[in-house]
Amino acid sequence: MNTFGNIYRLTTFGESHGAAVGGIIDGMPSGIAVDLEKVQLELNRRRPGQSSIVTARDEKDQVKILSGIFEGKTTGTPIGFMVENGNQHSADYENIRHTFRPSHADYTYTEKYGLRDHRGGGRSSARETLSRVVGGAFARQALSALGINIYAYTSQVGNICLEKDYSHYDSSLIDNNIVRCPDPETALKMISLIEDVKKDGDTIGGVITGVIKGVPVGLGEPAFGKLHSMLGAAMLSINAAKGFDFGMGFDGVGNRGSEMIDTFMPSSDNHHLTTASNHSGGIQGGISNGMDIYFRVAFKPVATLLKPVATVDDSGNPSELKARGRHDPCVLPRAVPIVEAMAAMTILDAYLLNKTTRI
C-alpha cells in the first residue's frame, strides 16, 4: 500500500536512488491559502546534511508543485509534487548487491518481490518520508485555520532523557539546537552522545514526543477507527519506529485507577467539559475529548553500522559486511518533522471523516 489516509490521502512514489521522490495529495479542501515557503521549511528540517550528527548526503530537497494550487490557494483537485534526487552515490552500495544487511528490508523485500533495488534501500529507504513531510505541511496549513497546532521534539537519546512531561518545556526552543530537544542542557548531552557513537561507527536510538493542541471534541471512530489507533498506525509506518504510546502509556500501568482517572469539570466557556488531569492523553473511548493529545514514538538505533558485521549472501553463505556511504548515527533529529507530518495528516483526515458523521 502506497496510499495513506481515508479522505485526506497521500500517495507517494520514488526510490532513494531513482530520479525523484514525490506524491499526490487528494482530499485537500479548496480555498486554503498555501504558504509554499512553509512547505519548503519543513523539508529543510528533514533534509540530510543539515548538521554534524546526521547523514552527510547533500540534498537540497527543493519541492516542485505540479498541480492543485492556483493563485496561492488550493483548488480542491489533486496536488502533485516532486523532489528530484541529485546526490546519490550508488557505487557505495555495490558491496551489498548480493548481501543482506542485518535488520534491514533487504531479505524481506527479496522474498516478497523476488528482487530488490539495493541502491540505498530503494523504496524501503527513509528518503520516501520526504513525501510525507510535504503532505503533512499542507495538512498543517489547513489545521492552522482550525486553531490546531502540532509539534514534536526529541525527548530521549539512548539513556539520556527529559524527566518532565511536555507541559514543562518551551516548544519555541525545539529548533534552537541540532538534536531538536527543548531543554538546552539536555540537548548538549544528547549531541555529545550521538557524536561519540558516530566516532565508534555505531548508532543510537531514542524517543520523540508529539503534542497536538486545539483538537475539537469528537474526532475518531468508536471501534476500528479509534483516534489513537489511527495515530499509532501512522507513527509505526515511519522507518525505524518500534513503539508507540499515548497519554499515561506504559508509565501508568503500575498505578491504581484512583490515581489515573481524569475527573470532569466545567470548561471556561461552559459549553464543554474539561478534565482536572490528562492521563488519557486527550483521547477517551477512541475519540478526542478536547484536551491536549500527547504521545511518544520509540525509534531503534539505525541498522547500518560503519563497522564490520556478520551476515550472509543471497545464497546463504556466511559473509562479513562493512557499510559504505553516508548514514545517520541517530534518526531522531530528522524524524521530528516526520512525526509532526504524520500527526497532521492523521488529524486532518479524522476531522474530515468527522464532518461526514452528522449534519
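The values are calculated or read from the model by the stated rules, or taken from the named source; none is laboratory data. Note that the structure is predicted; figures quoted are calculated from it, not measured. When we count neighbours, we look across all protein chains shown, and the Cβ atoms used for this are built from the backbone with ideal geometry, even at glycine. What goes into the accessible areas is simple: the full protein's heavy atoms, side chains included, and nothing from ligands, DNA or RNA. Shrake-Rupley method; radii C 1.70, N 1.55, O 1.52, S 1.80 Å.
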- Stretched fully, the stretch from residue 50 through residue 292 gains (0.36 nm per residue minus C-alpha distance, one decimal, in nm) 84.0 nm
- Area accessible to solvent at residue 204, 1.4 Å probe radius, in Å²: 40 Å²
- Task: Step through the residues of the stretch 239-249 one at a time and calculate ³J(HN,Hα) from phi using the Karplus curve (6.51 cos²θ - 1.76 cosθ + 1.60, θ = phi - 60°), rounding each to whole Hz and writing x for Gly and Pro.
- Result: 3, 6, 6, 10, x, 8, 9, 9, x, 4, x
- Query: Within a Cβ distance under 14 Å of residue 166, other residues only, what is the Lys/Arg minus Asp/Glu net charge?
  - Reply: -4
- Query: Using a simple charge model, +1 on the beta-carbon of Lys and Arg, -1 on the beta-carbon of Asp and Glu, nothing else, what dipole does the chain show about its Cα centre, in debye to the nearest 20?
  - Reply: 480 debye
- Message: Please report, ordered by residue number, every helix of the chain (full DSSP H runs) that is 24 Å or longer along its axis going by C-alpha atoms and whose mean Kyte-Doolittle hydropathy reaches 0.5.
- Response: 332-354
- Relative contact order, percent, of the chain when contacts are C-alpha pairs under 8 Å separated by at least 6 residues? 22 percent
- Where does the chain land at 222 nm, in deg cm²/dmol rounded to the nearest 500, when only DSSP H runs of n ≥ 4 count, each adding -39500 (n - 2.57), divided by all residues? -7500 deg cm²/dmol
- Item | From phi via Karplus (6.51, -1.76, 1.60), per-residue ³J(HN,Hα) for the stretch 297-306 in Hz, x at Gly/Pro | 10, 8, 10, 6, x, 4, 7, 7, 9, 8
- Query: Going through the stretch 213-308, which chymotrypsin sites (Phe, Trp or Tyr not before Pro) have at most 15 other Cβ atoms within 10 Å and a DSSP loop state?
  - Reply: 224
- Quick one: accessible surface of residue 258, probe radius 1.4 Å, all protein chains present, in square angstrom to the nearest 10. 100 Å²
- Message: Once neighbouring chains are kept in place and the probe is 1.4 Å, which whole percent of the accessible area of the chain is contributed by carbon and sulfur?
- Response: 53 percent
- Task: Could you pull out which residues in the stretch 193-212 have an amide N less than 20 Å from a spot 7 Å beyond the Cα of residue 255, following the Cα-Cβ vector?
- Result: 209-212
- Item | Average accessible area per residue (Å²) across the chain - probe 1.4 Å, nucleic acids and ligands excluded | 48 Å²
- Query: Going down the list 226/355; 198/300; 199/300; 64/198; 64/189; 242/322, which pairs span over 27 Å between their C-alpha atoms?
  - Reply: 64/198; 64/189
- Item | Net charge of neighbours whose Cβ lies under 11 Å from the Cβ of residue 202, counting Lys and Arg as +1 and Asp and Glu as -1 | +1
- Directionally averaged shadow of the chain, computed from the convex hull of its alpha-carbon atoms, nm²: 19.6 nm²
- Rounded accessible area of residue 101 (nearest 10 Å², 1.4 Å probe): 30 Å²
- Message: For the stretch 156-244, take N as its residue count and report Rg(C-alpha) divided by 2.2 N^0.38 Å.
- Response: 1.33
- Whose amide H sits under 5 Å from the amide H of residue 312, counting only residues 5 or more places off or on another chain, with H placed in the peptide plane? 100, 319
